[in-house]
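Have a look at the structure below, then the notes.
Please treat every number below as a calculation from the coordinates, not as lab data. What you see is a predicted model, and the numbers here were worked out from it, not measured in a lab. Ideal geometry is used to build each Cβ from the backbone, glycine not excepted, and the neighbour counts take in all protein chains shown.
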Amino acid sequence: MTTTTRDVAKPCVIFGGAGFIGTNLAARVANSGRKVRVVDNLARPTSAFNAAWLRETYPTEIEILRGDVRDPQLVEDAVADAGAVVHLAAQVAVATSLVDPRHDLDVNLIGTFNVLEALRGRDVPLVFASTNQVYGALHGVPLKEGARRWEPTSDLVRLRGVSEFAPLQFSSPYGCSKGAADQYVLDHARCFGMPNVVLRMSCIYGPHQFGNEDQGWVSHFTIAALAGDPLTIHGDGKQVRDVLYVDDVVDACLEAITEARVLSGRAFNIGGSPRHTSSLLELVESLETICGRNLEVRFEPARTGDQRFYVSDTHAFEAATGWAPRIPVTTGVRALADWVTAHHPRLAPNRRQSWPKQSQPRWAPS
Ligand SMILES: NC(=O)c1ccc[n+]([C@@H]2O[C@H](COP(=O)([O-])OP(=O)(O)OC[C@H]3O[C@@H](n4cnc5c(N)ncnc54)[C@H](O)[C@@H]3O)[C@@H](O)[C@H]2O)c1
């Protein structure tokens, strides 16, 4: 059984709904005529900007609740009348997780457990945003070095990407907390019959993203390039990722909600797939075209645990739902650049007044 009209009459609750993916998802759900409840503690200063934009744009369709997923009572109240739940709230940076692993554990694992327990015994579709980091550094995938990118020596991996059959290998506190949460979500589906779906996301980019050195590299590079800052690359810049435009990930979340009762208890890799990939050096070239000038690039030593190659094999989700990543990298990066130019306070200073006074964002100096 897929989503029912009874589900749709009830609000879609989005934990972390003022974040990058959450804002795009909330806007799309509201545009479809469904009520949305965003629950976010605005831990990221930039989320206050997104929340203000959602409030202005959807004054009646979207309710915004400032709250923390670590608070079990708040979570229970937030989902009391939910028709669907998407759990995106998280501490999202590996580097931050190394500085304060307990905070990372509390938000990412205990917060997710609170969501699961609030929904246990109910028949409410739950979509959880997991990460490709659950597969670790993928040392078992032999690579060859090209002029601008690393490539797998195996044609199978090059043409299909990394599937859900890759062994789990949690690494870094962030990898452990997200990986443990991923397993809890699947296990609650098995033990309690909950309609839970896990989406293991690769690199997502697009409007409403405020990337920094630690998370969201496509957005970080785009903002820095347009602002005239030098770009810092850790390692040789040949690291390859599949990159997925946010509209495509929103489509995936909506498919997962609709089909949650069929897909229950399964985890899917979601990303650009081998059709939409970029190395860091290749992104720099795209940005040089967009900016119409050469960019200053500085090289720093590689970061520990950085995957040289990660591309998602998305066949399982495509076969299960008909979803496919649609937006080419050049189109998506240009759309992101247009949004940054029009809305980012460093590029569009006349927009500054729409930043909430108490939560001015801290700009990564880059
Ligand atoms: N963006 C990506 O490339 C990517 C890749 C893999 C996985 N993911 C996962 O997708 C989800 C969303 O990512 P995003 O890029 O939109 O990140 P984001 O940081 O923009 O959004 C996360 C939101 O969660 C909120 N939040 C943090 N702690 C909270 C708490 N204790 N209680 C309530 N809200 C809290 C933040 O304020 C923020 O608005 C995360 O779970 C992330 O791990 C994202």
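Counting pairs of alpha carbon atoms under 8 Å apart in space and at least six apart in sequence, what relative contact order in percent does the stretch 5-359 give? Mind dumping the intermediate values first?
Working: 724 pairs, mean separation 64.4, N = 355.
Taking the mean separation of contacting Cα pairs over the length of the stretch 5-359, I get 18 percent.
Stokes-Einstein at 10 °C, 1.306 mPa s, Kirkwood radius from Cα pairs: D for the chain in µm² s⁻¹? Kindly include the intermediate steps, with their values, before the conclusion.
Details: Rh = 20.7 Å.
It diffuses with D of about 77 µm²/s by this estimate.
In the Gaussian network model of the chain, springs joining C-alpha atoms below 10 Å, which of A227, A129, A189 carries the largest mean-square fluctuation?
Ranking A227, A129, A189 by mean-square fluctuation puts A227 first.
Taking the stretch 1-108 on its own, what percent of its Cα-Cα pair distances exceed 23 Å? Show your work: numbers first, answer last.
Numbers: 1598 of 5778 pairs.
Counting pairs separated by more than 23 Å, the tail of P(r) holds 28 percent.
For the chain, compute the number of Lys pairs whose alpha carbons are separated by less than 30 Å, excluding pairs fewer than 8 positions apart on the same chain.
Working: K10/K35; K10/K178; K35/K178; K35/K357; K144/K178; K144/K238; K178/K238.
Final tally of qualifying lysine pairs is 7.
Divide by every residue of the chain the summed helix terms, -39500 (n - 2.57) for each DSSP H run of at least 4, and state the resulting mean residue ellipticity at 222 nm, rounded to the nearest 500 deg cm²/dmol.
On the way: 15 runs with 145 residues, N = 366.
Estimated from H runs of four or more residues: -11500 deg cm²/dmol.
Using label points projected 7 Å from each Cα along Cα→Cβ, tell me how many nm separate F192 and R148, to one decimal.
Taking the two extended label points, one gets 4.9 nm.
Could you tell me the calculated FRET efficiency between A9 and R122, based on Cβ-Cβ distance and R0 = 25 angstrom, to the nearest 0.05?
Values: r = 16 Å, r/R0 = 0.62.
Between A9 and R122 the formula returns 0.95.
For the stretch 85-154, report the convex hull volume of the alpha-carbon atoms normalised per residue, in Å³, without decimals. Intermediate results must be reported in sequence, preceding the final value.
On the way: hull volume 10.5 nm³, N = 70.
Enclosed volume per residue, from the Cα hull, is 150 Å³.
Taking the Cα centre of the chain as the origin, how large is its charge dipole in debye, to the nearest 20, when only Lys and Arg (+1) and Asp and Glu (-1) carry charge on their Cβ atoms? Write down the numbers at each step before the final one.
Working: 37 positive and 40 negative charges, 76 e Å.
Taking the Cα centre of the chain as origin, the dipole is about 360 debye.
Residue by residue through the stretch 45-62, which ³J(HN,Hα) values in whole Hz follow from phi under the Karplus form 6.51 cos²θ - 1.76 cosθ + 1.60 (θ = phi - 60°), with glycine and proline marked x?
Ordered by residue, 3J(HN,Hα) equals x, 5, 5, 5, 5, 4, 4, 5, 5, 4, 4, 5, 7, 10, x, 9, 7, 10 Hz.
Quick one: length gained pulling T330 to V262 fully straight, 0.36 nm per residue minus the C-alpha distance? Mind showing how you got there, number by number?
On the way: separation 68, 0.36 × 68 = 24.48 nm, distance 3.45 nm.
Difference between extended and current length: 21.0 nm.
Filter the trypsin sites (Lys or Arg not before Pro) in the stretch 87-172 down to the DSSP loop ones having no more than 14 other Cβ atoms within 10 Å, then list what survives.
Working: sites: R102, R120, R122, K144, R148, R149, R158, R160; in loops: R120, R122, R148, R149.
Counting only loop positions with at most 14 other Cβ atoms within 10 Å, the trypsin sites (Lys or Arg not before Pro) in the stretch 87-172 are R120, R122.
Have a look at the DSSP beta bridges in the chain and tell me what percent are antiparallel, nearest 5.
Details: 7 of 44 bridges.
Around 15 percent of the beta bridges assigned by DSSP in the chain are antiparallel ones.
According to a simple spin-label model (label point 7 Å from Cα along Cα-to-Cβ), what is the distance in nm between A320 and D236?
3.6
Taking the Cα centre of the stretch 50-173 as origin, work out the dipole magnitude from +1 charges on Lys and Arg Cβ and -1 charges on Asp and Glu Cβ, in debye rounded to 20. List each step's numbers first, then the result.
Numbers: 11 positive and 17 negative charges, 135 e Å.
For the stretch 50-173, the charge dipole is close to 640 debye.
Mind giving me the nanometre distance, one decimal, between the label points for A342 and A302, set 7 Å out from Cα along Cα→Cβ?
Spacing of the two 7 Å Cα→Cβ label points: 4.0 nm.
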